[in-house]
Amino acid sequence: MQGRSSDSSSSGGDGEGGIRSPRATRPGRYPRATRLLATLAVTALAAAGTASVSSAKEAPGSAKAADSAKSAKSGDSDSGSGRSAADSGQRKATSPFTGLPAEPAPVLAVKIDNHKDARPHTALEDADITVVEKVEGGLSRLLGIYSGKLPESLGPVRSARAYNVEQLRMFDRPALSYSGARKGVEDLIEKSTLHARSHDKYPEPYFRGGDNEAPHNLYVHPDQLLKTAPEASKSRDIGFRFADGAPEGGEPVKERSVDYGSAETRFDWSDKEDRWLTSFDGKPATSTGGARLGGKTVIVQKVEMPPDDGGTPYEKTVGSGKATVLRDGKAYETTWERPTAESGTSYTLPNGERMPFDRGNVWLVYEEA
């Protein structure tokens with residue numbers, strides 16, 4: 001075991017270094033020179049035992065120590081595949097959604113109401129990823145991705161849209177919580193590989209409560225919903241990359257906003273909190289528990305939004321385009337790419353390297369290209 005010697009020096013005995021001293025004899029039985037040689041031999045053996053213990057603790061110049069240092073350095077950045085190097089002997093699991101320590105767990109996507117009458121939100125701060133989407137009338141709706149932490153309840157929950165089917169395929173087969181959808185969209189969801197769990201068809205995990213009026217008062221117990229979808233896929237690599245340090249370059253910025261016409265989402269950098277603080281329609285976004293909403297990394301991803309057959313903007317998340325990534329008070333211009341619906345989304349800097357996100361909650365906002 002690393003850091004512990006397996007030699008006999010810990011076995012006790014009355015000799016130094018675990019070597020027993022020569023048996024005591026009467027003076028004059030052995031010549032003085034013989035006794036001196038015996039003493040020197042004991043000393044040499046003890047020194048060898050000490051060297052054995054030191055080597056087990058990985059001397060700085062040893063090959064094993066070099067491997068440990070290399071492994072520790074690589075732990076500064078990980079691929080988002082769910083594993084991050086901790087040391088040479090053990091690898092700790094990390095979330096591919098946040099870069100923080102977390103074991104793979106079932107993924108739950110929740111459609112969340114963002115109408116002014118639906119605020120404040122419940123447990124939105126527990127989402128690993130929060131997506132801001134444009135819907136009809138220039139309003140916004142949210143999509144919360146939960147895996148690392150499941151709150152007791154969350155919401156308010158609202159209806160799904162057609163683009164959510166393609167959008168969520170990068171999570172493989174997650175569970176989807178939503179209030180319902182118009183018939184054409186519902187048919188599309190039912191034919192998809194998603195584990196769809198709407199309030200209309202699975203009412204048990206849902207309840208109405210809080211101070212809001214209907215339809216802005218529908219909430220869900222996520223653990224109960226996931227029990228109805230035991231085969232929901234677990235968290236996996238979706239293209240995000242994380243690192244403790246920010247890359248070189250970037251433009252210092254204090255705020256960034258996205259306006260849909262009837263809804264605005266703004267992010268203000270806070271040196272004190274070391275994260276981007278979220279505001280909706282000019283007001284600080286908070287949870288029902290009073291927590292200020294925000295994230296360590298914000299992605300403003302430009303996508304095409306043609307209207308679908310129901311007149312709702314269809315966010316086209318497969319393809320490529322431009323994206324601004326905010327972290328550590330700076331803005332980095334990147335290119336996003338997602339070749340297929342089953343693929344994750346990569347964000348690449350102009351120098352060809354993947355953009356590393358800061359570890360923590362991620363906010364993704366779609367902006368019309």
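The values are calculated or read from the model by the stated rules, or taken from the named source; none is laboratory data. Predicted, not measured: the structure shown is a model, and the values here were computed from it. Positions of Cβ are generated from backbone atoms using ideal geometry, with glycine treated the same way; all protein chains shown enter the neighbour counts. For the accessible areas, the whole protein counts, side chains as well, though only heavy atoms, and no ligand, DNA or RNA atoms are used. Shrake-Rupley method; radii C 1.70, N 1.55, O 1.52, S 1.80 Å.
Each residue in region 350-363 was checked for being assigned to a strand (DSSP E or B) and surrounded by fewer than 21 Cβ atoms within 10 Å (Cβ to Cβ), and 1 of them qualify. Restricting attention to region 129-139, the residues being surrounded by fewer than 23 Cβ atoms within 10 Å (Cβ to Cβ) and not aliphatic (A, V, I, L, M) number 3. Applying a threshold of 6 Å to beta carbon distances and a minimum spacing of six or more residues, or different chains, the list of pairs starting in region 97-112 at a residue that is without any contact (Cβ under 8 Å) to a residue 24 or more places away in the chain and ending at one that is open to solvent by less than 50 Å² (accessible area, probe 1.4 Å) reads PRO101/THR94; GLU103/ALA93.
Mind checking whether some residue in region 316-332 is aliphatic (A, V, I, L, M), in contact with a Leu (Cβ under 6 Å, 6 or more places away or on another chain) and more than 24 Å from ALA162 (Cβ to Cβ)? No; the residues of region 316-332 include none that is aliphatic (A, V, I, L, M), in contact with a Leu (Cβ under 6 Å, 6 or more places away or on another chain) and more than 24 Å from ALA162 (Cβ to Cβ).
Can you tell me which residue among ALA127, ALA63 is hydrophobic (A, V, I, L, M, F, W, C) and modelled with pLDDT of 95 or more?
On the way: ALA63 fails: modelled with pLDDT of 95 or more.
Testing whether each residue is hydrophobic (A, V, I, L, M, F, W, C) and modelled with pLDDT of 95 or more leaves just ALA127.
Which one of GLU264, GLU248, GLU304, GLU273 is out of contact with any Phe, Trp or Tyr (no Cβ under 7 Å at 6 or more places or on another chain) and touching a residue at least 40 places away in the same chain (Cβ under 8 Å)? Step through it out loud before you land on a result.
Numbers: GLU264 fails: touching a residue at least 40 places away in the same chain (Cβ under 8 Å); GLU248 fails: touching a residue at least 40 places away in the same chain (Cβ under 8 Å); GLU273 fails: touching a residue at least 40 places away in the same chain (Cβ under 8 Å).
Only one candidate passes the filter, namely GLU304.
Restricted to region 238-284, and to residues that are under 22 Å from the mean Cα position of the chain (by Cα) and of a type in the set (Gly, Ala, Ser), which residue is nearest to ASP328 (Cα to Cα)? Filtering region 238-284 for residues that are under 22 Å from the mean Cα position of the chain (by Cα) and of a type in the set (Gly, Ala, Ser), the one nearest to ASP328 (Cα to Cα) comes out as ALA246. For region 219-260, a tally of residues being surrounded by 14 or more Cβ atoms within 10 Å (Cβ to Cβ) and on the phi > 0 side of the Ramachandran plot returns 2.
Per-residue answers, yes or no, for (1) in contact with a helix residue (DSSP H, G or I) (Cβ under 9 Å, 6 or more places away or on another chain); (2) modelled with pLDDT of 95 or more; (3) closer than 24 Å to VAL258 by Cβ; (4) not polar (S, T, N, Q):
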position	(1), (2), (3), (4)
ASP78	no, no, no, yes
ILE112	yes, yes, yes, yes
THR122	no, yes, yes, no
SER153	yes, yes, no, no
GLU166	no, yes, yes, yes
ALA175	yes, yes, no, yes
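Would you call ALA196 free of Cβ contacts under 8 Å to residues at least 40 places away in the same chain, more than 25 Å from ASP117 (Cα to Cα) and surrounded by 19 or more Cβ atoms within 10 Å (Cβ to Cβ)? Here the answer is yes, as ALA196 does meet what is asked.
Among ARG158, ARG169, ARG182, which is the only one that is open to solvent by 30 Å² or more (accessible area, probe 1.4 Å), touching a residue at least 40 places away in the same chain (Cβ under 8 Å), closer than 20 Å to GLY210 by Cβ and basic (Lys, Arg)? Before the answer, list the steps.
Values: ARG169 fails: closer than 20 Å to GLY210 by Cβ; ARG182 fails: closer than 20 Å to GLY210 by Cβ.
None of the others qualify; the one that does is ARG158.
Rundown of residues vs (1) over 30 Å from GLY210 (Cβ atoms); (2) of a type outside the set (S, T, N, Q); (3) surrounded by 20 or more Cβ atoms within 10 Å (Cβ to Cβ), yes/no style:
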| residue | (1), (2), (3) |
| --- | --- |
| SER262 | no, no, no |
| ASP271 | yes, yes, no |
| ALA285 | no, yes, yes |
| LYS296 | no, yes, yes |
| MET305 | yes, yes, no |
| PRO313 | no, yes, yes |
| THR348 | yes, no, no |
| GLU368 | yes, yes, no |
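Selection of region 318-334 for residues being open to solvent by less than 60 Å² (accessible area, probe 1.4 Å), part of a strand (DSSP E or B) and either within 13 Å of ILE299 (Cβ to Cβ) or in contact with a helix residue (DSSP H, G or I) (Cβ under 9 Å, 6 or more places away or on another chain) (or both) yields GLY321, ALA323, THR324, VAL325, LEU326, ARG327, ALA331, TYR332, THR334. Only one of the numbered conditions (1) open to solvent by 60 Å² or more (accessible area, probe 1.4 Å); (2) out of contact with any strand residue (DSSP E or B) (no Cβ under 7 Å at 6 or more places or on another chain) is violated by PHE207, and that is (2).
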